[in-house]
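To start, the structure under review is shown below, and the notes come after it.
The values are calculated or read from the model by the stated rules, or taken from the named source; none is laboratory data. The shown structure was predicted, so the numbers you read here are calculated from the model rather than taken from an experiment. Virtual Cβ from ideal backbone geometry, glycine too; neighbours counted across all protein chains shown. Each accessible area value is taken on the protein alone, full model and side chains, heavy atoms only, with ligands, DNA and RNA left out. Shrake-Rupley method; radii C 1.70, N 1.55, O 1.52, S 1.80 Å.
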Amino acid sequence: MKQKLLLLTWIFASYTISLYAQETAPSPKIPLEGIESNWQNGSDRRDSSVFNGKYFIPSIMVDVSYTHSFNNPNDHTVIGSTALTRDNEVQLSHLSLGGDLTYNNARARIMLQFGTRSQVVPRNDLSPFRGQYKLADVYRYLSEAYVGYHFNKWYGINVDAGLFMSYIGLNSYYQVENWEYQASFTSDNTPWFFNGLRIQLFVSKYLKIEPWIINGWQSYGMFNKQPGAGFNITWNPSSRFKILTNDYFGTDTGGNSRRKRFHSDNSMLVRYLNKPQSNGISRMAFSLTGDLGFESGGGVHGFKDSDTKGPAQYFMSAMFYNRTWFHKNKFAWTIGGGIMTNPGRYLVLVPTGQASPLPNPNNPTIPEGKFPFDTNPGTSFSGWDCSTNFDWMPNQSLLFRVEYVHRHANVPYFAGQGGVTSPDGYSTTPLPPDWRPDLVKSEDRIIAALLFRL
């Protein structure tokens, strides 16, 4: 009897202590709690998800677009864009399916991708040509796939490994999060993804420090023996202001480990008016981004030409956008643009078709195009762009956008009327001896997009 009484007493005491511990345990610290971020360029504009699963929260995104170039290329090919691929055609640009999984402190995110972006973005990664196994095909239909663990330290520490989104260039990879559809040169010529290890340190409620150890600059594999390294620092002290920096160092020229790359990307977002219930102007904000980078060694010399060390090879760019919301944030108008200069063209999105300098998939020892765009050290590239668009957002999951874009380069770069494929635009047509890809210095285009997120 005494033993039973002691057992019952122990059970009751244990139960009471556990209840007390649950009631008095401090609530978990949530980073950025109370901060409105749905107005920020490159961020989820929803207030909340319609899914509330304990272990899995699904995510679905659909991006359907139509674009018309006033150059009217005969092969319907868009040059110099990771958002667009075909002119005068309705395209499924991006279909994303996946979501977030959590169990206790274990975490993972998987996002499948289909559509034209699954072709146009991986083509800019040359690391799969080192060694065997076609990495571009292995990862092509994944935009994000990582696994990690959350530590209850400070406002949280996440350690993740796998394929995750880059943060260089401010814009999100997912168009439904961006203020504009065709990104300025700054975003479109810097990485959309990294493959490696990411550590997110939420050292305070408003400050995140995020180191990376990654395979390289938007690369599935490593170009040399050394991985890339970088970090992000984001400070978001209020719902009106956000500032961040992304910095990267690596060796990203295949077979040339002496050539080092450094890049610094810096952005500021300011919301300077907020009247969410107004039927007139309900919100106004701007974003400003500036990038500075260079390559040095292995035949190039950073910001200055050298007779002994090689020509200058650097990247400088900036972009600015202002966005105005109307009628309780149901409509929005954005205007902005940017500039870029990139001697050596080491970050320029190269043309496609017969103007492509990328390796031929069937014979990687020769270029893909018969008349490749020159990307050797000593070449120059500078450009500027401007755009304006109008959005209708009937709810937090659906967005209709119409956008006008003008882009200009100092060298022939964009697709002209003759296209970059053949005289009649078909890849099956033999090339006459006197035919060349039709590249021009500027383009004007209209984009219509339907963006959905759930």
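A few remarks follow.
- HIS406 vs. criteria open to solvent by 40 Å² or more (accessible area, probe 1.4 Å) and either more than 30 Å from SER278 (Cβ to Cβ) or touching a Phe, Trp or Tyr at 6+ places or on another chain (Cβ under 9 Å) (or both): no
- Residue list for region 341-356, restricted to those being open to solvent by 10 Å² or more (accessible area, probe 1.4 Å) and touching a strand residue (DSSP E or B) at 6+ places or on another chain (Cβ under 8 Å): THR341, PRO343, TYR346, LEU347, THR352, GLY353
- For THR379, the criteria (1) assigned to a strand (DSSP E or B); (2) hydroxyl-bearing (Ser, Thr, Tyr); (3) without any contact (Cβ under 8 Å) to a residue 40 or more places away in the chain; (4) open to solvent by less than 30 Å² (accessible area, probe 1.4 Å) hold in every case but one, which is (1).
- Across region 136-146, the qualifying residues are those that are more than 13 Å from PRO361 (Cα to Cα) and either in contact with a Cys (Cβ under 9 Å, 6 or more places away or on another chain) or of a type outside the set (Gly, Ala, Ser) (or both), and the one among them that is surrounded by the fewest Cβ atoms within 10 Å (Cβ to Cβ) is VAL138.
- Residue in region 173-180 that is part of a loop (DSSP other than H, G, I, E, B) and touching an Asp or Glu at 6+ places or on another chain (Cβ under 7 Å) present: yes
- Test result for ARG198, under 18 Å from the mean Cα position of the chain (by Cα) and more than 19 Å from LYS134 (Cα to Cα): yes
- Consider region 410-454 and keep the residues that are assigned to a strand (DSSP E or B) and touching a helix residue (DSSP H, G or I) at 6+ places or on another chain (Cβ under 9 Å). The one that is most open to solvent (accessible area, probe 1.4 Å) is PHE452.
- One residue stands out in region 165-178 among those that are polar (S, T, N, Q) and closer than 20 Å to LEU454 by Cα: the one that is surrounded by the most Cβ atoms within 10 Å (Cβ to Cβ), namely ASN171.
- Qualifying residue in region 191-211 (condition: at pLDDT below 95 and in contact with a helix residue (DSSP H, G or I) (Cβ under 6 Å, 6 or more places away or on another chain)): no
- Subset tally (residues that are open to solvent by 10 Å² or more (accessible area, probe 1.4 Å), among the β-branched types (Val, Ile, Thr) and farther than 26 Å from ARG401 by Cα) for region 291-338: 1
- For region 418-454, a tally of residues being within 30 Å of MET340 (Cα to Cα) and under 30 Å from the mean Cα position of the chain (by Cα) returns 18.
- Hits in region 281-315 - residues which are at pLDDT 95 or above, of a type in the set (Gly, Ala, Ser) and over 18 Å from THR375 (Cα atoms): SER282, ALA285, SER287, GLY290
- Residue match in region 263-280 (condition: touching a residue at least 40 places away in the same chain (Cβ under 8 Å) and open to solvent by 70 Å² or more (accessible area, probe 1.4 Å)): yes
So that you can scan it fast, the table gives a plain yes or no per residue for (1) open to solvent by less than 60 Å² (accessible area, probe 1.4 Å); (2) free of Cβ contacts under 8 Å to residues at least 24 places away in the same chain; (3) on the phi > 0 side of the Ramachandran plot:
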position	(1), (2), (3)
ASN360	yes, yes, no
SER387	yes, no, no
TRP392	no, no, no
ARG401	yes, no, no
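- When ARG117 is tested against (1) touching a His at 6+ places or on another chain (Cβ under 7 Å); (2) open to solvent by less than 20 Å² (accessible area, probe 1.4 Å); (3) over 20 Å from GLY42 (Cα atoms), just one condition goes unmet, and that condition is (3).
- Any hit, region 147-164, residues being in contact (Cβ under 8 Å) with a residue 40 or more places away in the chain, buried (at least 23 other Cβ atoms within 10 Å of the Cβ) and in contact with a Ser or Thr (Cβ under 9 Å, 6 or more places away or on another chain): no
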